[in-house]
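Step one of this worksheet: look at the structure below.
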Amino acid sequence: MRLTTEERDMLSGKGGRASKKCMEILVALGEIYGAKRLVPVSSVQVSGVSYKNLGDAGIEFLRELAEDGRARVKTTLNPAGMDLTNWALQGIDSGFATRQLEIIDAYRRLGLEISCTCTPYLAGNEPRLGDHIAWGESSAVVYANSVLGARTNREGGPSALAASLTGRTPLYGYHLDENRVATLIVDVAVPLGSPEDFSAMGYFVGKVVGNGVPYFRGIREAGLEESKELSAALASSGGVAMFHMAGVTPEAGRAPKGTETISFGKRDLAVSTAGLSDEGDPDFVSVGCPHCSLEELATIAGLLRGRKVTREFWICCSREVKRQSDERGYSKVIEGSGAKFACDTCMVVAPIETMGFRVVATNSAKACHYLRNNGLRVRFMTLGRCVMEATKPS
Ligand code: F3S
């Protein structure tokens, strides 16, 4: 792989131990994937923040890097395992909280923004069309490649951090035009009436397309909420990093001739939706996977006005979107109902399975997928139904 003088200096340790280690990671990755060179990135999103996923070995790795490593580009963080200020109210164990705060402290010393959200594009990290970036949160990777037209692979925690501390990533995969071409056309033959329908469709298509690039036809429009749910679902049942939507996404153009085509119809939507639910009465309700937009908080506040919650109800969002919600008065209504904001975290990366909950109601196919992996049962329903579930008489 061809390296610039500055990159060679980093590799030889002239920039310090952390950037040497990071450059070694990037060069090894580049060689595995046949990259000819590294490319500068304009932003990084680091995943692997929850103590639940990182463990003590992860803390040690971060501490070592933080001795002399510093972020060279704007870098935001994925959700942590708890709300960083209201963790006690969430019922998080103090031992877990201590270790989680050590992780955050190491990231802070590395110069990362303690944003703790999976929707960085709603919290000040919004790349432009054609930007090379290195993002690690899979749902945000799909959103950035597809909706924003930025260019990123699905980075792991160490490779994203290495990109942050060097300002570079290997030039391969979704950074190159030839890998951004559709591999499967999906003719959508059913009206999609809600973000949850997009979520269920994404879950279905992700299983079929694997790590390919689906091209959706027949959808007139998809707003922010629909696109973020679709992105998250495609990335959880499959290894998708990018989709196109005819007439909607910036690089859709025309699907290449001869591409394999499938149809997604009424029955497929019903089967996918039904397959996302288990039996059981929910004892925990959570929305905001990926983290809620301000629009969603407005809807939730409207639905909760004059009601009281009867079950644990978490609303996951970034601290930035919560701040905007405070300004508009939505937060007061939401908290007045007894619902809890879960800023900095979510129902999947927080250790809720150790807190006595068994059945979770949620409006996200991605959350259903990972909560099941965590040993919980799930009920998939619309945002409105989630609020009804959280407020129904017990
Ligand atoms: Fe975000 Fe957690 Fe879902 S990180 S995409 S809310 S699983």
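Just to be sure, is Thr249 in a loop (DSSP other than H, G, I, E, B), touching a residue at least 24 places away in the same chain (Cβ under 8 Å) and touching a Ser or Thr at 6+ places or on another chain (Cβ under 6 Å)? Spelling it out, Thr249 is indeed in a loop (DSSP other than H, G, I, E, B), touching a residue at least 24 places away in the same chain (Cβ under 8 Å) and touching a Ser or Thr at 6+ places or on another chain (Cβ under 6 Å). Search the stretch 350-380 for residues being part of a loop (DSSP other than H, G, I, E, B) and closer than 16 Å to Cys292 by Cα, and hand back the single one that is nearest to the ligand (Cβ to nearest atom). Top of the filtered list is Ser364. For the stretch 333-349, taking the residues that are outside any loop (DSSP other than H, G, I, E, B) and farther than 18 Å from Ser115 by Cβ, the one that is nearest to the ligand (Cβ to nearest atom) is identified as Lys340. Restricting attention to the stretch 155-182, the residues being touching a His at 6+ places or on another chain (Cβ under 7 Å) and either hydrophobic (A, V, I, L, M, F, W, C) or modelled with pLDDT under 95 (or both) number 1.
Evaluated against (1) surrounded by fewer than 24 Cβ atoms within 10 Å (Cβ to Cβ); (2) within 18 Å of Val73 (Cα to Cα); (3) charged (D, E, K, R), Arg168 falls short on exactly one condition, (1).
The lone criterion from (1) of a type in the set (Lys, Arg); (2) within 16 Å of the ligand (Cβ to nearest atom); (3) in contact with a strand residue (DSSP E or B) (Cβ under 8 Å, 6 or more places away or on another chain) left unmet by Lys52 is number (3). Within the stretch 252-291, the set of residues being surrounded by 14 or more Cβ atoms within 10 Å (Cβ to Cβ), assigned to a strand (DSSP E or B) and of a type in the set (Gly, Ala, Ser) comprises just one member, Ser286. Within the option set Ala134, Ala160, being of a type in the set (A, V, I, L, M) and not in a helix (DSSP H, G or I) holds for one residue only, Ala134.
The values are calculated or read from the model by the stated rules, or taken from the named source; none is laboratory data. Computed from a prediction, not measured in an experiment: that's the story for all the values here. Here the Cβ is made from the backbone with ideal geometry for all residues, glycine too, and neighbour counts use every protein chain on show.
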